[in-house]
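Taking it in order: structure first as structure tokens, then the write-up.
The values are calculated or read from the model by the stated rules, or taken from the named source; none is laboratory data. All figures in this text were calculated on a predicted structure; none of them were measured in a lab. FYI the Cβ positions are ideal-geometry reconstructions off the backbone, even for glycines, and counts take in every protein chain you see.
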Ligand SMILES: Cc1ncc(COP(=O)(O)O)c(C=O)c1O
């Protein structure tokens, strides 16, 4: 692993002083650099730079370039959204559907990756759900569920319940074989695991920023591959979707040649200011190093939970692990409350405990968590 001064990065997260936050699969904490950047931006706006637009447009362009580096995509294929759901609606509403077209999902997805597609049933579109097998989405099941009318597969990079990491490359190859569009909800993976959308052959990606990317809530991104770019109509268009937005009365001008066409109006400037700092931190450490650190945390948690005799809901096969570890506990809700009383924050999901440490967490943090779980369980 690349040599990193992790202590320096821990200093960016002051909440570490009096709580143990292991819940990045839910909501991300703030860091000092993002906080300072926002403070500087607001201080300027407060007294001198009331007109922020030119400055903000530059910031946005720089941010999109940084995102391009993060996911290994051309900047012109990236647009900003407000969250994962709005991005997936851009896809669902922008494709041209015929009655009888089918969409392939699974019954383990977070609703953001289901509702935008269910909503298309009014157009005669049918949804098929692959059933998960005890938290595993079997790729053979997906292959068998494809029908001649299936036009789209949409799936999470990482499943929110138990951190099951789907094999995106293998799924993409099924999509290519059957000429289906491949869509990924990346929110539980991006920021924790490396992502190369071109190498993974993803057609469409949507990702909210408020989890592993550690952006403020209300900002997300989409990637629209060159392959589907012309098939996807900007169904939620506005003045910012146009080639020259400031040519106000030229209503009939073409849409922007880039993914900017999928953005309708004014963007989330303060969100961008903060998110830019966090992505810069991630690129500074290196996405590979972040993934290695996160995987080392996951491996540690899995081993220590197994040693303590707990049954895991997270797959133990390394290729399918991510930043999330979920386990069963006979008194999960009481344990969850006990952990909170001890200022340890995790999620309670469907009667199971879900832990999601980020790159700045270390094995000492996790040992503290295990020791609290063991103390509770011995009672
Ligand atoms: C897999 C997954 N997708 C999407 C979301 C959230 O969607 P949105 O960004 O639209 O709030 C979550 C969690 O909240 C999630 O776990």
> Applying the selection to region 332-379, what residues are free of Cβ contacts under 8 Å to residues at least 40 places away in the same chain and either over 30 Å from residue 7 (Cα atoms) or under 23 Å from the mean Cα position of the chain (by Cα) (or both)?
Replying inline: 332, 333, 348, 351, 353, 378, 379
> Out of region 294-324, which residues are under 13 Å from residue 371 (Cα atoms) and either modelled with pLDDT under 95 or not in a loop (DSSP other than H, G, I, E, B) (or both)?
Replying inline: 301, 304, 305, 307
> Only one residue in 101, 128, 167, 107 is away from the ligand (no atom under 14 Å from the Cβ), touching a residue at least 12 places away in the same chain (Cβ under 8 Å) and under 23 Å from residue 325 (Cα atoms). Which one?
Replying inline: 167
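Residue check: is residue 102 more than 30 Å from residue 284 (Cβ to Cβ) and in contact with a strand residue (DSSP E or B) (Cβ under 6 Å, 6 or more places away or on another chain)?
So residue 102 passes the test.
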> Got a sec? Which of 35, 41 is farther than 30 Å from residue 242 by Cβ, in a helix (DSSP H, G or I), more than 16 Å from the ligand (Cβ to nearest atom) and touching a residue at least 12 places away in the same chain (Cβ under 8 Å)?
Replying inline: 35
>> Quick check on my filter: what residues within region 153-164 are out of contact with any helix residue (DSSP H, G or I) (no Cβ under 8 Å at 6 or more places or on another chain) and either farther than 28 Å from residue 210 by Cβ or away from the ligand (no atom under 11 Å from the Cβ) (or both)?
In response: 162
> Going through region 177-219 one residue at a time, which ones are within 16 Å of the ligand (Cβ to nearest atom) and farther than 15 Å from residue 156 by Cα?
Replying inline: 210, 213, 214, 215, 216, 217, 218, 219
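Do we have residue 80 as without any contact (Cβ under 8 Å) to a residue 60 or more places away in the chain, surrounded by 19 or more Cβ atoms within 10 Å (Cβ to Cβ) and within 16 Å of the ligand (Cβ to nearest atom) here? Reasoning before the result, please.
Numbers: without any contact (Cβ under 8 Å) to a residue 60 or more places away in the chain: no; surrounded by 19 or more Cβ atoms within 10 Å (Cβ to Cβ): yes; within 16 Å of the ligand (Cβ to nearest atom): yes.
When the stated conditions are applied, residue 80 does not pass them.
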